[in-house]
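What follows is a short report on a single structure.
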Amino acid sequence: MLFDEIAHQGNWLFRWRSYVLLITVPVAFLTLRQGEPIELLFGDRADFVYEAFCIVLAFTGLGIRAVTVGHAPAGTSGRNTRRQKADSLNTTGMYSLCRNPLYFGNAVIYMAVALFTQGIYFVIIMALLLVIYLERIIAAEEAFLSKKFGEQYSEWVQCVPVFFPRPSRWERPGLPFSARNVLRREYPGFFAIIAAFGAIEAFGDILFRGRLLYDPAWIGAFIAGASVYLALLFLKKRTRLLNVQGR
């Protein structure tokens, strides 16, 4: 059956989901060569507003992930890649708005980065890849959840949209917010956003100005982001503050 084949592909993508979309990196820089930056067309102010919008959009996606992870029970909403895992079925908080809030947050982040390149072809390519990629992973995860949770899962599916949130369905989270869970799980994504924007900005300087501009704001953002990343990595790997499992 077609669904079974899509789910099978999704299981493979699930295992490698942290790396699959890295294939878009060379595409991003190739399409950037073909585009005219907003600054050249509309001026510095328009370019600043546009870049600020993309950055806010990306961190909005990270915020969606943070709210989701912060209220998630132990053994769910993790970064496991070897196999599907869910000790319980999340149905409150962000999971009352849509069934895949983490993937929705990811999509917002990826599209924000794509928009930041100002390459229309890359934006289209990214959108198409996300549709193919997420459709398969979601099919695999939902097949697993349906098998494990049965009737409880079926009732949830009938009420909650698969991907795009429906704000009117908000249900208060069943657990209090855990900042430790967020810090322990989301620091790689935080730094990845900063690094992606910084790399695109640097490449744009070289491409359109012929040299790398040492913008204090971008340098400061990169150093701050790297410092936060390294600090949280140390706390997770070398101390019990973030290394303790569970909530």
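The values are calculated or read from the model by the stated rules, or taken from the named source; none is laboratory data. These figures come from a predicted structure and were not determined experimentally. Using ideal geometry, Cβ is built from the backbone for each residue, glycine included, and neighbour counts are taken over all protein chains shown. Each accessible area value is taken on the protein alone, full model and side chains, heavy atoms only, with ligands, DNA and RNA left out. Shrake-Rupley method; radii C 1.70, N 1.55, O 1.52, S 1.80 Å.
What's the local net charge at ALA217, with K and R +1, D and E -1, over the other residues with C-beta under 11 Å away?
Computed value for this residue: -3.
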Working with all protein chains in place, sort TRP218, TRP156, TRP170 by solvent-accessible area computed with a 1.4 Å probe, largest first. TRP170, TRP218, TRP156
Mean shadow area (nm²) of the C-alpha convex hull around the range 164-209 is 5.7 nm²
ARG45: net charge of surrounding residues, Cβ under 15 Å, Lys/Arg +1, Asp/Glu -1, itself excluded? -4
Counting just the Cα atoms, what span does the range 118-169 cover along each of its three principal axes? Round to the nearest Å and put the largest first. 45, 27, 10
Out of all Cα-Cα pairs in the range 101-247, roughly what percent, to the nearest whole number, are more than 19 Å apart? 69 percent
Project the alpha carbons of the range 176-246 onto their principal axes and report the range along each, largest first, in whole Å. 50, 22, 15
